[in-house]
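The values are calculated or read from the model by the stated rules, or taken from the named source; none is laboratory data. Fair warning: this is a prediction, and the values are worked out from it, not measured in the lab. Counting neighbours? That spans all protein chains shown, and the Cβs are built from the backbone with ideal geometry, glycine included.
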Amino acid sequence: MPDIADLRLEHLLCDIDAEGIATVTLNRPAKRNALNAATIEELVALFSALPVSGARAVVLRAEGPHFCAGLDLVEHGQSERSPAEFMRICLRWHEAFNKIEYGGIPVIAALRGAVVGGGLELASSVHIRVMDETTYFGLPEGQRGLFTGGGATIRVPQLIGKARMIDMMLTGRLYSGDEAVAVGMAQYRVPDSEAKAYELARACARNTPLSNFAICSGISHMQNMSGLDAAYAEATLAGIVNTQDAAKGRLESFAKGTAVKIKPD
């Protein structure tokens with residue numbers, strides 16, 4: 001597995017602080033952080049390396065006023081790809097986003113501006129989405145003669161439902177503000193999405209890594225299983241996670257009444 005320091009990143013930036021919080025930045029602001037083929041390959045490489053890098057949580061952010069405007073349509077239009085070539089490109093998008101969703105470390109997206117098309121596919125692969133007042137969500141593929149290829153048909157209906165997704169694609173409907181949170185596009189709407197994303201990342205990083213791994217990979221896997229298989233997988237994970245040595249001190253604190261109380265602010 002390559003070390004992060006050895007990766008040659010052109011369209012992404014990555015830094016890990018002393019608390020184990022990794023910051024991954026989409027760095028194509030002049031293109032509204034549109035995803036070209038090279039950026040997808042960098043996402044595959046980076047999110048393959050992050051789970052073994054010591055990172056305890058990831059904040060995914062973007063340079064400029066927009067999170068991600070989706071597929072780089074200029075590159076796509078000029079490439080004149082064959083159906084087979086574009087299918088392989090789509091499979092690399094799936095690989096990148098699966099690395100994020102199933103990698104086992106919490107990924108929190110700090111959203112602003114456009115989160116459209118492939119940008120929404122990227123955002124839907126993370127574990128927590130935080131939007132600010134400028135954020136809007138869209139799937140404009142229908143108006144552009146396209147169809148989603150990076151996992152929107154898999155992940156977006158899980159967030160907002162099939163009917164809303166079809167409406168977005170057919171009519172160009174956008175979601176923003178309180179409505180976006182109400183339908184499930186984001187879990188948080190705040191004035192400063194990055195500040196909130198780091199707050200959440202630090203909270204996640206305080207969990208045991210094994211618990212986070214189970215939460216950030218196991219739940220998604222179980223959604224792909226039958227009910228009986230999911231029950232078996234959940235019991236197996238619980239058997240491993242709930243007997244981990246790293247949790248013993250926390251359980252002792254609970255028994256002594258010295259653990260932090262779980263209660264509303």
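Of note:
- For the stretch 1-38, a residue qualifies if it is charged (D, E, K, R) and surrounded by fewer than 19 Cβ atoms within 10 Å (Cβ to Cβ), and the qualifying residues are Asp3, Asp6, Arg8, Glu10, Asp15, Asp17, Glu19.
Residues are listed down the side, and each one gets a yes or a no for (1) under 28 Å from Leu200 (Cα atoms); (2) in contact with a Cys (Cβ under 6 Å, 6 or more places away or on another chain); (3) buried (at least 22 other Cβ atoms within 10 Å of the Cβ); (4) at pLDDT 95 or above:
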| residue | (1), (2), (3), (4) |
| --- | --- |
| Ile40 | yes, no, yes, yes |
| Ser48 | yes, no, no, yes |
| His66 | yes, no, yes, yes |
| Val74 | no, no, no, no |
| Gln78 | no, no, no, no |
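- Filtered residues of the stretch 167-178 (kept if surrounded by 14 or more Cβ atoms within 10 Å (Cβ to Cβ) and either in a helix (DSSP H, G or I) or within 22 Å of the chain's Cα centre (by Cα) (or both)): Asp167, Met168, Met169, Leu174, Tyr175, Ser176
- Which numbered condition Thr39 fails, given (1) under 18 Å from Met131 (Cβ atoms); (2) polar (S, T, N, Q); (3) in a helix (DSSP H, G or I): (1)
- Condition check for Phe97: aromatic (Phe, Trp, Tyr), assigned by TED's automatic domain parsing to the domain that holds Asn27, crowded, with 21+ Cβ neighbours inside 10 Å and within 21 Å of Leu12 (Cβ to Cβ): yes
- Residues in the stretch 215-241 that are surrounded by 12 or more Cβ atoms within 10 Å (Cβ to Cβ) and touching a residue at least 60 places away in the same chain (Cβ under 8 Å) were compared, and the one that is farthest from Phe97 (Cα to Cα) is Ile215.
- In the stretch 72-90 there is no residue matching the filter, namely being under 23 Å from Glu199 (Cα atoms) and of a type in the set (A, V, I, L, M, F, W, C).
- Matching residues in the stretch 126-143 - criterion: being in contact with a strand residue (DSSP E or B) (Cβ under 8 Å, 6 or more places away or on another chain) and either part of a loop (DSSP other than H, G, I, E, B) or crowded, with 24+ Cβ neighbours inside 10 Å (or both): Val126, His127, Arg129, Val130, Met131, Asp132, Glu133, Thr135, Phe137, Leu139
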